[in-house]
1. Within the set of pairs 6 or more residues apart or between chains, which connect a residue that is without any contact (Cβ under 8 Å) to a residue 12 or more places away in the chain and at negative phi inside the range 159-175 to a residue that is buried (at least 19 other Cβ atoms within 10 Å of the Cβ) and in a helix (DSSP H, G or I) with Cβ atoms less than 7 Å apart?
2. Can you name the condition, by its number, that residue 21 falls short on among (1) surrounded by fewer than 21 Cβ atoms within 10 Å (Cβ to Cβ); (2) over 24 Å from residue 201 (Cβ atoms)?
3. Does residue 83 qualify as being surrounded by 20 or more Cβ atoms within 10 Å (Cβ to Cβ), free of Cβ contacts under 8 Å to residues at least 60 places away in the same chain and either farther than 25 Å from residue 159 by Cβ or touching a strand residue (DSSP E or B) at 6+ places or on another chain (Cβ under 9 Å) (or both)?
4. Evaluate the following for residue 219: is it farther than 24 Å from residue 83 by Cβ and more than 13 Å from the chain's Cα centre (by Cα)?
5. Take the residues in the range 89-101 that are assigned to a strand (DSSP E or B), in contact with a helix residue (DSSP H, G or I) (Cβ under 8 Å, 6 or more places away or on another chain) and touching a residue at least 40 places away in the same chain (Cβ under 8 Å); name whichever of them is surrounded by the most Cβ atoms within 10 Å (Cβ to Cβ).
6. From the list 196, 202, exactly one residue is surrounded by 14 or more Cβ atoms within 10 Å (Cβ to Cβ), more than 25 Å from residue 50 (Cα to Cα) and either out of contact with any strand residue (DSSP E or B) (no Cβ under 6 Å at 6 or more places or on another chain) or in contact (Cβ under 8 Å) with a residue 24 or more places away in the chain (or both). Which is it?
7. Name the one entry in 167, 110 that is within 30 Å of residue 88 (Cβ to Cβ), touching a helix residue (DSSP H, G or I) at 6+ places or on another chain (Cβ under 9 Å) and surrounded by fewer than 20 Cβ atoms within 10 Å (Cβ to Cβ).
8. Of everything in the range 170-213, what is under 28 Å from residue 97 (Cβ atoms), touching a helix residue (DSSP H, G or I) at 6+ places or on another chain (Cβ under 7 Å) and modelled with pLDDT under 95? Give them in sequence order.
């Protein structure tokens, strides 16, 4: 019997467009999520949080065949959220108005999305966060290629840290990833048993998904969040 390859479903969407249905997303959240949303100082960030977590609930509910509002979450020892019953693995990332979701019934996943920003690069000096091998590879590039390469490395490393669920206990310089702008970037030292996918989502934007397998399949596509919400209501 042929074993099935693990599957990871990946979606990205515009949170500001999704926020046009804000009361409906908010109705799906639990008390902890609502309290956290209320702590945001600025309405735009609060609305993006509500929309992203409402979307996540609908996606997870569809994955595990459960009502989105009925899902219960637990927080791991290093702060990573998970479904209380472990029925699916997931991760969420957002940068400005774009949100990225990775969900799998089979394997641990992590994702990260970042818009290219010179100021972010200036404030996060590679020597402070990247491994010596990554710094050397970055510095060997022509100056006009370094910004995109920096964010390629950054998103791959952040996605790996998030997938592992170890928070700050896993140092960013304790493992190596590749800089190459390819769909299946390499993971090196410290990443045994894991592999990566890079995503082309928008201009001047880097995104990556990491999963706990050397051989997994990905279904990645843009998401119409309002259509998702309407479909969820129709199925309820």
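1. Matching pairs, first to second residue: 170/161; 170/164.
2. (2)
3. It is false that residue 83 is surrounded by 20 or more Cβ atoms within 10 Å (Cβ to Cβ), free of Cβ contacts under 8 Å to residues at least 60 places away in the same chain and either farther than 25 Å from residue 159 by Cβ or touching a strand residue (DSSP E or B) at 6+ places or on another chain (Cβ under 9 Å) (or both).
4. no
5. Checking each candidate, the answer is 91.
6. 196
7. 167
8. Within the range 170-213, 172, 179, 181, 185 meet the criteria.
The values are calculated or read from the model by the stated rules, or taken from the named source; none is laboratory data. Every value quoted in this text rests on a predicted model; they were computed, and no experiment measured them. Backbone-built Cβ (ideal geometry, glycine too); neighbour counts: all protein chains shown.
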